[in-house]
Amino acid sequence: MNKMIKLKINDLEVEVEDGTLLIEAAKKAGVEIPHFCYHPKLKPDANCRMCIVEIEKARKLQTSCSTPVTEGMVVKTNSPEVKEAQFGVMEFLLGNHPLDCPECDQGGECQLQDFAHENSPMTSRFVEEKRVFEKEYFGPLIEKEMNRCVSCLRCVRYCDEVVGSNALGSMQRGNMHEIGAFAHQELECEYCGGCIQICPVGALTSRLSMYDYRTWQLKKTETICNYCGDGCLLTLEGVKDDITRVSSEMGAGRNGGDLCARGFFGYGMINHAERLSRPTVRTKGRDLQVTWDWAADKTASGLNEIKAKYGPQAIGGVISAHCTNEEIYLFQKLMRQTIGTSHIDSSARLGHINAVSGLVKAFGTTRMVRYEDILQADVLLVFAGELTESNPITAIKVKEAVRQNKAKLIAVDSYSAGRETYISHLPNLATHHLEIRPGTEGTAILGLLKAVAEGSHQTSLSQTARDKFKESLSSVSYDNIEAVTGISEKTFREMGTLYAGAQRGVLIFGRAITRCEEGYQNVLKLADLAIAAGQAGQPGKGLLSLTKENNEYGAVEMGGASEYLPGLQPVGAEQKGHTLVEMIDAAARGEIKALYLVGENPFRSLPQKKVEEALSNLELLICQDLFPSEVSALAHIILPAASYAEKSGHFTNLEGEVQKVRKAIEPVGNSKPDWEIFSLLERKLEAELGDPSQSQKLEAPSVDVVWREIVTTLPAAWPNLSEEKIVAKMTAYIENGLRSYVVPERAREKEEGVFDLSMSQVLFHAGRMSTYAPGLTTLLEKAVVLIHPDDAEDLEIQEGEEIELKAGGNGSGVTVPVKFSKKLSVGSLLFPEHFGLEMQALLPLTVDPITGVPYGDRGRVTLAKVSAPVS
Amino acid sequence: MRLKVLSDKAKEAIEVQFPSYPDKRSVLLPALRIAQEEIGYLSESAMIDVADLLGLTPVQVYEVATFYSQYNLKPVGKYLIQVCKTLSCALVGAGSIVTYLQEKLGIRTGETTSDGLFTLKLVECLAACGSAPMMQINDRYYEQLTPEKMDRILEDLKRDGKSPLATGPFMLPVMGERS
C-alpha cells in the first residue's frame, strides 16, 4: 500500500493513495470534473483540455487528468477562472459539432451533451461555416461520423494500449484532424467494439443497431457471455424482448469492461428467426407441434418405456457445456437418479476433461491461476498459439503482462510469428517463440522438462524428486527431440532456465494440448514440467487450461461427465458409464436405445456416417436445442431450449470463477430454459413411477433453490484447495506417479505437396452458435481455408481462388476458397471449425485411451487448384 | 520479407538508420523521406513497405505521413512549388503571389499542371521571414518574390531545369530595399 496523501478539493478534505491523479481523487470526493480524453483504462493524454482546475500556488490552470496529487494541495474545480477556461474549450468543441443529437445513437448517454449542459456558454462567437467530413464506414459494423468527433483520441489509444490491434489512427491535423483507418480503407481489425464503447460522443457507433433504439428505452441486464471460457461480464440491452446491443461497464467483471467481437457483435443469435420455438413430436414422419405438457408427457413415457423394456442403462444423455451449472446438475441428477443410468456426458469431453483429469491427478484442483496471476507473472509459458482468437480476454491480460509489466512470454506452437495486419497474434507478441512442427507438443514439453530437470536452478523440489525426474528422462535425448520438434537443445535449455527461474511463472495451455492426440498425457507432462520448475503450489504460480465453451469448468464440476459426480467426486470404476464416443458406439451396436442430447451435436465432433447410423438406430432420440441441426432432423422429440439471455443461473469461467447469469428477456417463442425442462421432466417421470403428488407440482422450483441444493450437496472443500493441500497432492503425485518418457524415434518426414491441415477456432466465431449472429457472419460468413502467402505464391494460387483438399490421395475431396494468412507456418493449412462438416471427413479420428476424448482436428492433406471450367 | 515497391537500396538505407535510434518506430521520419525520395511521393504500397520494415501497422505510418506537409501522398510535378502562407509572408502579399501562380499555371493549390511540370502547395513558415514573401521549389528557396521574378523563375525552370534566381536558405535581407 502506498503512502496516503491529504489534499483539499473545493474545500473538501480528501485522502488518497500517492500517485493518484487529481481527476480520480476528485471523483473519490464526489466532485465530477468534466473531461473527454481522460479514461481510467488509458494513460493520461491531456489533449482535450476540458479537465483543467485551479491549483493554489500553481501559476496556470492544470489538467487534472495528468496531475498526480501532492500533500497539502488545494484545488478548485469550479472557480470563475476554471469555468471561463472550460467555456472556451466547449466553444471550440461545439464550433464544428453538428446539432444532430435527435438522430445520433449516442444521444442520451453522450458526454458532450452532458458537459455542454453544465459547462458551456449559451452562445458561440463562431460565425464561420462548420467544417464537414463525408460520412465513412470503417467496415461492415462500425460507422464513423467525424463531424461529431471531439478528437480525444480515446479510440486510437484503446486500440493501441489495450487491444494492441493498432488499426485506428489519428490523421491529418488542426481543423481537419480525423480518426481513421489506413488510407480510408475498410478496417480488417479485431472488431472488439472497444472504440465504439469508449467514444464519449457519437463519432463511432455500431451499424448493427443503428437507429434501432433511443438509449433511454433500453432495458439493461448484466450477465455473462456464453461464447468462450473467459467469462466476460456483459450488459445485454434490449428494447422490449429484442436484444438490441451489448455493452460492458468499464472496469466491471473479470474482463474489466473489455469485450471481443463475439461478445460485442455476437448477440444476434438470441432473437434469430431460425430459433426452435415450439415443442415438436415426430410420429410416422410427421411433425406435430404440441404443448409443453404433451411433449413432457411423451418424453417421460418414452424414457420409461425404454427403461422398462431394456433397463436404465439403455438410456444415455449428453449436455452442452453452454448450459448453466444448475442445468448440468439437474440433468445429471435426472439421468443418474431419476432414470438410473450411468451414461452421462457433456461437451467437456471434447477436450477439457483432459485438463481436469490431468490437473486433478497432479494437483487435486483445476483452480490455480486467475487473471491477476497472469498480470503479475514475470514469465508466461503458453502452449496456445491461437490464444488471441480463442480466448481474446485472457489474451488481453497476457498482452498487458507483456507490454505493460514486461513479462517474458514463451510461446510454443505451430504458428509463425507473422500476423494479419490488424489482428493480434500470440506468437507475434512473444518475447520467445518456439515454432514447433505440428503435433509435436508432447516432445517439446519433454525438451523443456529435460532442460529444467537437468538445470541448476534452485527449487523447493526435493533431491529425490529431482533424481526421479532425471532418471525418467534418461532415455530422452536432445537430438531426438530436435529431430521431432525442430527446436535445438540450446533453445530448450535457455527457455527451461527462464521458466524455472521465474518468480511467478504461469503456464497456459489450449486446444493444441487438450484437443489433440496424447492430450491427457501431455497435460500430465505439463504438470510435471511446472512441478520440476517449481512453478506450482505457490501463490501466483500454476497452470491454466483454456476452455472453448463458456461453462466447461462447470460442466465437469457439476457431474456432467461419466467419471465425475458433482464436486469432482470420482465415480467408481464399475459404476462408470459411457463417454460420448462410447455412447455413440453403443447406440450403433443397439445397446443404447434412447439418447437425450441437450445442445450437443455429435455430428460436429465425430464421423458423420457413424453418428447418423447410431442415431438412426435409436428407438428414442430427444433433441433439446436452440437451432435446428443434424440431430433435430433425426429426433423423435424436439424440445426448444432458451438461450443464456433468457435464463438465470451460474457459469464457471476458465479461472474457476462462478458467476451469475441473469435473465434479460422472456424465452423466445415457446422455448423454455433447460433447467425448467429438466425439472418438468423430473416431475413427470416421478409421477409416472407412482408418486402422484409430483404431478400436482406444476410450478417449477426457482433456479435459486437448485443452486442452494448444489451448494449444500457439494463437498465443503469445493471449489478451492489450500496451497498446503495442493503441495501435498503434488508431492504424492511425484512419489507415485512418474513414468519414463519416450520420444518418437525420428521426425515424420516432410512429403512434397502434403500440407498439415488443422481445424481451429477463429476470432469471429465460437462453435456453431455464432454462425447465427448476423454481426459475426458479416465478418466471416463462409468456410475458407487459410494458407500462408508464400505457399500460395509457390502454388500460384490467388486469394479467393478455390482449391481442392484430399486426404490420402483417393476418395472425394473438399473444395473451398483460400484466404491468405501470415500467421500460419509455411506448409500448414487452417480451417475454421465453425463451418461445413465435410472437412472433418478428411481428418483421421482417434480416441484417447484413458479419457475417451475424440481427437479429429488434425491431419495431412494434398492440395490442388481447381481449374477453371473451360467455357 | 518481400517488399512491394521499395528497392533493396532504399531498404538498406532505412535499416542503416536503426542503430541511431532508440527503437525502430523512431526511424519513421527518415524512412518516409527515403521512400519519398525513391518513388517521388508516398504511395500506399510504399507506406505499407515502411510499416513492414519498422514493425508497425500501416495506419501508424499513415498518421505521420498525413501530419507533415513535407510528405506527398499524391504524385507531384517535376517542380514542387511550396509557397509560405504564414504571417510574415502573408503581411507582404503571399496571398497575391498564390493567386498569381494559380492563374499563371492554371491550377489550384494542391494540383499539378497537366504537363506534369508544376505542383502548387501552401506550407507553413520556412524560416525566411526576413526576405518575405518567399517560396521553395524542390530544394531551393526563392525570396522577395514579385510577379516578374516568378515569370522568370518558371521560364528558367521550364527551359533549363534551374534558375539563377534561386537563393540559399540564408539570403540576408537588405535594409530599406524593396525590389
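Per-residue SASA remark: A:ARG662, around 100 Å² accessible (1.4 Å probe; ligands, DNA and RNA not included). Separation of region A:574-612 from region A:286-349 is 13 Å, based on Cα centroids. The accessible-area ordering, largest first, of the residues A:ARG437, B:ARG159, A:ARG157, B:ARG152 stands as B:ARG159, B:ARG152, A:ARG437, A:ARG157, per a 1.4 angstrom probe.
Within region A:562-606, whose backbone N sits under 15 Å from a point 7 Å along Cα→Cβ of A:ALA732? Only A:569-570 fall inside the zone, counting backbone N under 15 Å. Pairing chain B with chain A buries about 1400 Å² of accessible area. This figure sums both sides and uses a 1.4 Å probe. With both residues required to sit in chain A, DSSP beta bridges show an antiparallel share near 55%. For region A:754-865, dividing the convex hull volume of the Cα atoms by the residue count gives 113 Å³ per residue.
Compute the normalised compactness of region A:4-78: alpha-carbon radius of gyration over 2.2 N^0.38 Å, N being the residue count. It would help to have the intermediate numbers written out before the result.
Working: Rg = 11.1 Å, N = 75, 2.2 N^0.38 = 11.3 Å.
With N residues counted in region A:4-78, Rg over 2.2 N^0.38 Å equals 0.98.
For A:ALA587, the shell of other residues with beta-carbons less than 9 Å away shows a net charge of -1, using +1 for Lys and Arg and -1 for Asp and Glu.
Under 1.5 on a/c is rounded, so check that first for region B:8-67, then, if it is not, pick prolate when a/b is larger than b/c and oblate when it is not; a ≥ b ≥ c are the square roots of the alpha carbon gyration tensor eigenvalues. Taking the square roots of the gyration eigenvalues as a ≥ b ≥ c, region B:8-67 is oblate. Among the listed pairs A:LYS298/A:LYS782; A:LYS541/B:LYS24; A:LYS8/A:LYS43, give every one whose C-alpha distance is greater than 29 Å. In this structure, A:LYS298/A:LYS782; A:LYS541/B:LYS24 exceed 29 Å between Cα atoms.
If R0 equals 56 Å, the separation of the Cβ atoms of A:THR70 and B:LYS78 corresponds to a calculated FRET efficiency of about 0.40.
Axis of helix A:352-363 versus longest Cα principal axis of chain A: the two differ by about 90°, to the nearest ten degrees. What is region B:56-133 by shape, rounded, prolate or oblate, if you read a ≥ b ≥ c off the alpha carbon gyration tensor as root eigenvalues and call it rounded for a/c under 1.5, prolate for a/b larger than b/c, and oblate otherwise? Oblate.
Inter-chain neighbour count for B:50-62: the average number of beta-carbon atoms from partner chains within 10 Å of each residue's beta-carbon is 5. Segment A:LYS806..A:ASN304, full-extension length gain: 176.1 nm, with 0.36 nm per residue of separation and the alpha-carbon distance subtracted. Each listed q (0.05, 0.09 Å⁻¹) maps to a log10 I(q)/I(0) for the protein assembly as shown from the Debye sum over equal C-alpha point scatterers, namely -0.39, -1.13. A P(r) calculated from all alpha carbon pairs of chain B, with 10 Å bins opening at zero, reads 9, 33, 29, 21, 8, 1 percent. The angle between the Cα long axis of helix A:441-454 and the longest principal axis of the Cα atoms of chain A comes to about 80 degrees, rounded to the nearest 10.
Over region A:298-455, the alpha carbon radius of gyration divided by the compact-protein estimate 2.2 N^0.38 Å works out to 1.44. Length gained on full extension, B:VAL123 to B:LEU3, computed as 0.36 nm times the residue gap minus the Cα-Cα distance: 40.0 nm. Helix A:463-472 and the longest principal axis of the Cα set of chain A meet at an angle near 60°.
Over region B:8-67, calculate the relative contact order: mean separation of alpha carbon pairs under 8 Å at least 6 apart, over the residue count, as a percent. Relative contact order comes out at 30 percent. Taking label points 7 Å from Cα along the Cα-to-Cβ direction, A:LYS8 and B:SER69 give a separation of 5.0 nm.
How high is the FRET efficiency from A:LYS750 to A:GLN404, r the C-beta distance, R0 56 Å, rounded to 0.05? Before the final figure, lay out the partial values.
Working: r = 40 Å, r/R0 = 0.72.
Rounded to the nearest 0.05, the efficiency is 0.90.
For the pair region A:44-70 and region A:159-182, the centres of their Cα atoms are 25 angstrom apart.
Cysteine residues of chain B whose C-beta has no other cysteine C-beta under 4.7 angstrom: B:CYS125, B:CYS129.
Of A:LYS6/A:LYS28; B:LYS9/B:LYS74; A:LYS220/A:LYS240; A:LYS397/A:LYS647; A:LYS361/A:LYS525, which sit over 18 Å apart, Cα to Cα? Could the numbers behind the result be given before it?
On the way: A:LYS6/A:LYS28 12 Å; B:LYS9/B:LYS74 23 Å; A:LYS220/A:LYS240 10 Å; A:LYS397/A:LYS647 29 Å; A:LYS361/A:LYS525 12 Å.
Pairs exceeding 18 Å: B:LYS9/B:LYS74; A:LYS397/A:LYS647.
In whole percents, the pair-distance distribution calculated for region A:465-574 from its alpha-carbon pairs, binned every 10 Å from zero, is 12, 31, 36, 17, 4. Probing with 1.4 Å while keeping every protein chain in the model, the per residue accessible area of the protein assembly as shown equals 42 Å². At an R0 of 41 angstrom, the distance between the Cβ atoms of B:GLU12 and B:ASP115 translates into a FRET efficiency of 0.75.
Just grab the label-to-label distance for B:GLN102 and A:SER474, each label 7 Å out from Cα along the Cβ direction, in nm (one decimal). Label at B:GLN102, label at A:SER474, 9.1 nm between them. Helical runs (DSSP H, four residues minimum) scored at -39500 (n - 2.57) apiece and divided by the length of chain A put the mean residue ellipticity at 222 nm at -8500 deg cm²/dmol. With the simple spin-label model, which puts each label point 7 Å out from Cα in the Cβ direction, the B:ARG152 to A:VAL290 separation comes to 10.4 nm.
Computed over region A:369-540, the P(r) tail beyond 29 angstrom holds 13 percent of alpha carbon pairs.
Looking at the square roots a ≥ b ≥ c of the eigenvalues of the Cα gyration tensor of region A:735-816, which shape do they give, rounded for a/c under 1.5, prolate if a/b is larger than b/c, or oblate? Note, shape of region A:735-816 comes out oblate. Stretching the chain fully between A:ASP18 and A:GLU612 yields a gain of 207.2 nm (0.36 nm per residue, less the alpha carbon separation).
The values are calculated or read from the model by the stated rules, or taken from the named source; none is laboratory data. Model, not experiment: these values are computed from the prediction. Positions of Cβ are backbone-derived with ideal geometry, glycine not excepted, and every protein chain shown enters the neighbour counts. All accessible areas refer to the heavy atoms of the entire protein, side chains included, with ligands and DNA or RNA removed. Shrake-Rupley method; radii C 1.70, N 1.55, O 1.52, S 1.80 Å.
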